[in-house]
Amino acid sequence: MTVTAAVIGTGTEPENPGRDGYAMAYHHARGYDATENCELVACADIVHANAEAFADEFGLRSDRVFEAYDAMLAAVEPDIVSVCVPPAVHAPIVLDCVRSGVVDAVHCEKPMAETYGDARLMVQEAVRHDVQLTFNHQRRFSDAVRTAKELLADGEIGRLERVEFAAPVGIFDYGSHSFDLCNYFVDETAGEWVMAQIDYREENVQFGSHNENQAVVCWEYENDVSGLGTSDSNREGRGPMEMVGCHNQLCGTEGTIEIGPSDDTDEPLRIRRAEDASWQIVDVDDDLHDWVLVHRAIADAVDCLETRTEPELGAQNALNATELIFAAWESSRRRGRVDLPLEIDDNPLEAMVESGALTPQSNEDDSRDGDGMRAQTEGE
């Protein structure tokens, strides 16, 4: 049986979909094309020219090109839909798809939603309507990440004590991956508390949503593993990596594993055992940033839809990471520790900006807040 797929939000850069991670729909589409027993059949974008360019790229029929996604759902009735729009409109579109009675699965870009209440509602409604909902935290499919998890499970660094990350853009956009990987390494153990502080003095808008300039986040899981995360959008290159030293770090009683080290090595994975002061490179096939990871995420979503098994990127896993993001901002708003589960509905960072508690200076030269951010496209 062939699984039919459609894309909502084709993006504005059809001739160069890989630039800075934009036009994620093109990477999703290539994932569907590469997946056995799957066919991409339709697309929708509020800018018709964008949808037409996307259709030309992937050989879609002219009657399968739409501006309105609800019209596409009614006419085509795809089995799975990719939602590749900015975070602020994830929730209404995902909810419409889930409640449509047409689709069996939705694969949405990250981060989940612009408010924690919307993120919870998407998970709730997907369960209620028996629709498989996944979010594109594709880095879980990196060979570097998988091998790190195997090394951890084999006891190569002893008992895990702490997970760490450095996010160069912010804990909402880039950090969505970072928190998700931390949770992956602790087997989705629930968080117990979060304490954080942020700085937001220069406007930092990613895909239409606010991201802090700098953050330091501490948290603890119910299994007593602790977490440390940092972000720094004010420094070029790998500036925030200098505090943690890598994208993700696993600290155990008998050693350390680093994924994406920030020093001169180009190797994506290394380990240092307690009895050896030197780092050892671990050979892996790919790193955190290969676009093939999106294809693997798509393939897993399609396979789980067919086999009715729990997908790796299931919505509850995404919500676990999202809870830590919003709890960090809530901790800054409260100026204190936040005990979990998180009981808010809004976006604390956005609320602090709107109330005047935070007054970021506008940077009109920042191209990240251009028209491309408001179009139906999404970043890595």
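Observations
- Scan of region 325-380 for residues that are at pLDDT below 95, surrounded by 19 or more Cβ atoms within 10 Å (Cβ to Cβ) and in contact with an Asp or Glu (Cβ under 6 Å, 6 or more places away or on another chain), ordered by number: Gln376, Glu378
- Count of region 77-91 residues which are surrounded by fewer than 20 Cβ atoms within 10 Å (Cβ to Cβ), in a helix (DSSP H, G or I) and of a type outside the set (Gly, Ala, Ser): 1
- Residues in region 300-324 that are of a type in the set (Val, Ile, Thr) and open to solvent by 10 Å² or more (accessible area, probe 1.4 Å) were compared, and the one that is farthest from Asp346 (Cα to Cα) is Thr307.
A quick yes/no check of all residues on (1) farther than 16 Å from Ser178 by Cβ; (2) in contact (Cβ under 8 Å) with a residue 12 or more places away in the chain; (3) not β-branched (Val, Ile, Thr):
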residue	(1), (2), (3)
Glu312	yes, yes, yes
Ala328	no, yes, yes
Ser331	yes, yes, yes
Arg334	yes, no, yes
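- Any pair with Cβ under 6 angstrom, 6 or more apart, that starts in region 218-233 at a residue that is assigned to a loop (DSSP other than H, G, I, E, B) and ends at one that is open to solvent by 30 Å² or more (accessible area, probe 1.4 Å) and of a type in the set (Val, Ile, Thr): Glu222/Thr189; Asn223/Thr189; Ser233/Val169
- For Ala42, the requirement of being open to solvent by less than 60 Å² (accessible area, probe 1.4 Å), within 23 Å of Ala297 (Cβ to Cβ) and either at pLDDT 95 or above or in a helix (DSSP H, G or I) (or both) is met.
- Selection over region 279-295 of residues that are under 27 Å from Glu156 (Cα atoms) and open to solvent by 60 Å² or more (accessible area, probe 1.4 Å) gives a count of 6.
- Residue match in region 92-106 (condition: open to solvent by less than 50 Å² (accessible area, probe 1.4 Å), over 22 Å from Gln316 (Cβ atoms) and in a loop (DSSP other than H, G, I, E, B)): yes
- Matching residues in region 214-236 - criterion: being within 28 Å of Ala88 (Cβ to Cβ) and surrounded by fewer than 19 Cβ atoms within 10 Å (Cβ to Cβ): Val216, Asn234, Arg235, Glu236
- Counted as qualifying within region 130-207 are the strands (runs of 3 or more DSSP E) with 2 or more residues that are open to solvent by 20 Å² or more (accessible area, probe 1.4 Å), namely 160-167, 191-199.
- Taking region 249-277 as the range and being open to solvent by 60 Å² or more (accessible area, probe 1.4 Å) and assigned to a loop (DSSP other than H, G, I, E, B) as the test, the residues that pass are Thr253, Glu254, Asp263, Asp264, Asp266, Glu267, Ala274, Glu275, Ala277.
The values are calculated or read from the model by the stated rules, or taken from the named source; none is laboratory data. The shown structure was predicted, so the numbers you read here are calculated from the model rather than taken from an experiment. Cβ atoms come from the backbone with ideal geometry, glycine included; neighbour counts cover every protein chain shown. All accessible areas refer to the heavy atoms of the entire protein, side chains included, with ligands and DNA or RNA removed. Shrake-Rupley method; radii C 1.70, N 1.55, O 1.52, S 1.80 Å.
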